[in-house]
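Colleague: Okay, here's the structure, questions in a sec.
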Amino acid sequence: MVKVLTVDDSVFMRTVIRDMLTKDAAIEVVGTASNGVEALEKIASLNPDVVTLDIEMPKMNGLEVLRHLQSVKQRPKVLMVSSLTSKDAEATHEAIRLGADDFMLKPKDLPHVREIGDELIAKVKHLITLPITTVSRNKSSHGEPAGRVVLIGSSAGGPPMLDSLLAEISSDLPAGIIVTQHMPTGFTAALAERFNRISPLPVKETENGDIIENGRILLSKAGVHTVVSGVIENDGSKSGRIVHSTAPPLHGVRPAVDKTFESAAHVYGKNIVSVILSGMGNDAGAGAEAIKNAGGVSLICDEKDCLVYGMARSAIQKNAVDKVLPLNKLAKEIERTVSHMEG
């Protein structure tokens, strides 16, 4: 049984979050709090496993709560619940820096807030499986321009799957990795910060002009498309660099997985392995097809491991899938596939 404390100054949000969580028999909401002072008192008395934490609250806000929890030896896992504003995006990034374990976003239209119930339950149950300590890594594990690339696309339900996948990728993978996760503008910096704690490889949000390097993970910045452009190295080999595009959204999203997959296919050809995880809509199907036509390999995650299967199904409909694998076998298959590429 996962014990949860819900902290929010809104009675409506406390009630909705409690109602959504208690639909799962494995979760018990042991209490609620309306501000940070009350939250710290209840954390001490109720000993919850997970705290859902609002940012803006009277008396003591969510960031101040996190600062207090830094001195607590056995603190609960903390899930920030953020609004879709630029101010909240900055605060969420700061929350992750202060030790929050994950975050999720409230819909702009509050009457539709109950639609995030499945994602909320999945995140709470996933949080208790995360390691407490941050991974240590060899700082010199990357730097060479990549001749091979791994492209990962995901949307709704993707972040917990990315936690598992990125944590299992070998630290000496001889390829660059680009992750494109659908997310509102401003929030991918916080997501990259989270992944950087979990993955043996360093993770950063993309910047315009980034060179794709072996042993490094780039997370596509929200609000722009991540386009891969070819670079000819001094030895005549071809690698890639990131170009941010402000072209209109594709499939209603920016960044779009198709933009990254299709542009990379022109640069890396058969030296690509693409992976499609959970997500709704058709983004990734055309990109997987482009990769397969260029001689690359396309993998998708088994439906039973995905919250939503729209993106993966779009690749199936294009006959652009080489293998369907459970989540826990994807990392090894990526490594095996990369090892057989020419580079």
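FYI, it's all coordinate maths here, none of it is from the lab. Since the structure is predicted, the reported quantities are computational estimates derived from the model, not experimental observations. Here the Cβ positions follow ideal geometry from the backbone for every residue, glycine too, while neighbour counts run over all protein chains shown.
Colleague: Please list log₁₀ I(q)/I(0) at q = 0.12, 0.16, 0.21, 0.27 Å⁻¹ for region 39-124, using the Debye equation with identical point scatterers on the alpha-carbon positions.
Modeller: -0.35, -0.63, -1.04, -1.45
Colleague: Let me check I've understood the local charge: for residue 193, count other residues with C-beta under 10 angstrom from its C-beta, Lys and Arg +1, Asp and Glu -1. What total comes out?
Modeller: Around residue 193, the charge tally is +2.
Colleague: If you line up the long axis of helix 158-168 against the longest principal axis of the chain, both from Cα atoms, how many degrees apart are they, to the nearest 10?
Modeller: Once rounded, the angle reads 70 degrees.
Colleague: By how many degrees, between 0 and 90 and to the nearest 10, does the Cα long axis of helix 86-97 differ from the longest principal axis of the chain?
Modeller: Taking the Cα atoms of the chain, the angle to 86-97 is about 90 degrees.
Colleague: What whole-number distance in Å separates the alpha-carbon centres of region 74-133 and region 160-200?
Modeller: 16 Å
Colleague: Angle, helix 36-46 long axis vs. longest principal axis of the chain, Cα atoms, 0 to 90°, nearest 10?
Modeller: Taking Cα atoms only, the helix is inclined about 80 degrees.
Colleague: Right, here's the next one. As a quick test, which of the pairs 292/332; 123/204; 3/329; 77/259; 23/77; 304/329 have an alpha carbon distance above 25 angstrom in this structure?
Modeller: Pairs exceeding 25 Å: 3/329; 77/259.
Colleague: Another question about this same structure. Taking neighbour Cβ counts within 10 Å as the exposure measure, how do 303, 38 sort from fewest upward?
Modeller: Lowest count first: 303, 38.
Colleague: Which ³J(HN,Hα) values in Hz, rounded to whole numbers, follow from the phi angles of region 296-309 under the Karplus curve 6.51 cos²θ - 1.76 cosθ + 1.60, where θ = phi - 60° and Gly and Pro get x?
Modeller: x, 10, 10, 10, 10, 7, 4, 4, 5, 9, 9, 6, 9, 10
Colleague: If you don't mind, there's one more thing I want to ask. Beta carbons within 10 angstrom, averaged per residue: use that to sort the peptides 53-60, 157-164, 271-278, highest first.
Modeller: Result, highest mean first: 271-278, 157-164, 53-60.
Colleague: Here's a follow-up. The list (1) 0.99; (2) 1.30; (3) 1.01 gives values of Rg/Rh (Cα atoms, Kirkwood Rh), and only one came from this structure; which label was calculated from it?
Modeller: Read-out taken from this structure: (1).
Colleague: May I pose another question? Could you tell me which trypsin sites (Lys or Arg not before Pro) in region 80-121 are loop residues by DSSP with no more than 15 other beta carbons within 10 angstrom of their beta carbon?
Modeller: Listed in order of number, the matching sites are 108.
Colleague: Can you give me the Cα centroid spacing of region 1-60 and region 253-324 in angstrom?
Modeller: 38 Å
Colleague: Across region 145-150, in residue order, what do the Karplus-derived ³J(HN,Hα) couplings come to in whole Hz, using 6.51 cos²θ - 1.76 cosθ + 1.60 with θ = phi - 60° and x for Gly and Pro?
Modeller: Each residue of region 145-150 in turn: x, 7, x, 9, 9, 10 Hz.
Colleague: 7 Å from Cα along Cα→Cβ at both residue 342 and residue 323: what's the point-to-point distance in nm?
Modeller: 2.2 nm
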